[in-house]
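J.: Next up is a structure, given as structure tokens.
Here, each number is a calculation from the coordinates, and none is a lab measurement. As the structure is a computational prediction, the values presented were derived from the model and not from experiment. No Cβ is skipped: glycine too gets one built from the backbone with ideal geometry, and neighbour counts run over all protein chains shown.
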Amino acid sequence: MKKSIWILTPIMIFSLLGGQYIAQADDDEGYEHHEKSGDFNEYEHDDDEHDEDKYDDHDEYEHDDDDEDKYYEENNQYAENNTVTQGQWNIWTRTATLNTDSTLPFKDAKTATFKIDNNTFKLYVVPKKGELFVPAGELTTKLGGKSKYYKNSKIINTNVNGSQLIFRANTNVVYENLVKTPIPAKSFKYKDDIYVPVSVILNSLGYSIDWQEDTQQFIVL
């Protein structure tokens, strides 16, 4: 009897560990599947997580220990031979870009005015890593579209006139009409929204964007 116990115990341990590994693999594959389909309801479970919304401003996002060059070399699967092309804050090239140009319209986060067609609205804009970040959900609403935010999984699914964009916080990719595409910098969660480079949403809809210094507003055409 004792011998059989010692024989079975390693087998049981291996089975448990193996099952745990397989479950993790299935979960990763499941996310990939649901990210492409746009259905993330099964990920909306209650769990304890750090809530950035307790901050009153964007300062916490300035304490990023990752060097941008190192990030692209080690984590950007779209970079070829560990190199990326130079980008601009108002142009989404849909390739892996690294914007080291610090000549942004302004350096401090603020509420700015956007003028598009005959519509004028305001958005909170965060300059970071050579990009201008705006709330994806709020901008989508301003443009007459709809969005769904999954708080626990930090995913937002936006749709404007049939153009779908799916973002996940802390990643530098977007699913554009279910096609996985790189974006120039990592998105981040702030105040129940996902902040993304402004060029991604506007360029995806065929708009160009520029800053008008004399009127202190963004002109979207």
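J.: Output the residue which, of all residues in the stretch 152-166 that are within 13 Å of SER204 (Cβ to Cβ) and in contact with a Lys or Arg (Cβ under 9 Å, 6 or more places away or on another chain), is surrounded by the fewest Cβ atoms within 10 Å (Cβ to Cβ).
T.: Only one residue tops the list, namely ASN159.
J.: Which condition from (1) over 13 Å from PHE218 (Cβ atoms); (2) in contact (Cβ under 8 Å) with a residue 40 or more places away in the chain is the one that THR113 breaks?
T.: With respect to (1) over 13 Å from PHE218 (Cβ atoms); (2) in contact (Cβ under 8 Å) with a residue 40 or more places away in the chain, THR113 is out only on (1).
J.: Among the residues that make up the stretch 165-177, is at least one of them on the phi > 0 side of the Ramachandran plot and either assigned to a strand (DSSP E or B) or in contact (Cβ under 8 Å) with a residue 24 or more places away in the chain (or both)?
T.: No, because not a single residue in the stretch 165-177 is on the phi > 0 side of the Ramachandran plot and either assigned to a strand (DSSP E or B) or in contact (Cβ under 8 Å) with a residue 24 or more places away in the chain (or both).
J.: Any idea which of ASN177, ASN119 is polar (S, T, N, Q), under 18 Å from SER208 (Cα atoms) and surrounded by fewer than 19 Cβ atoms within 10 Å (Cβ to Cβ)?
T.: Among ASN177, ASN119, only ASN119 is polar (S, T, N, Q), under 18 Å from SER208 (Cα atoms) and surrounded by fewer than 19 Cβ atoms within 10 Å (Cβ to Cβ).
J.: Specify the residue that is farthest from the chain's Cα centre (by Cα); the eligible residues are those in the stretch 110-132 that are part of a loop (DSSP other than H, G, I, E, B) and closer than 18 Å to PRO184 by Cβ.
T.: Looking at residues that are part of a loop (DSSP other than H, G, I, E, B) and closer than 18 Å to PRO184 by Cβ, I get GLY130.
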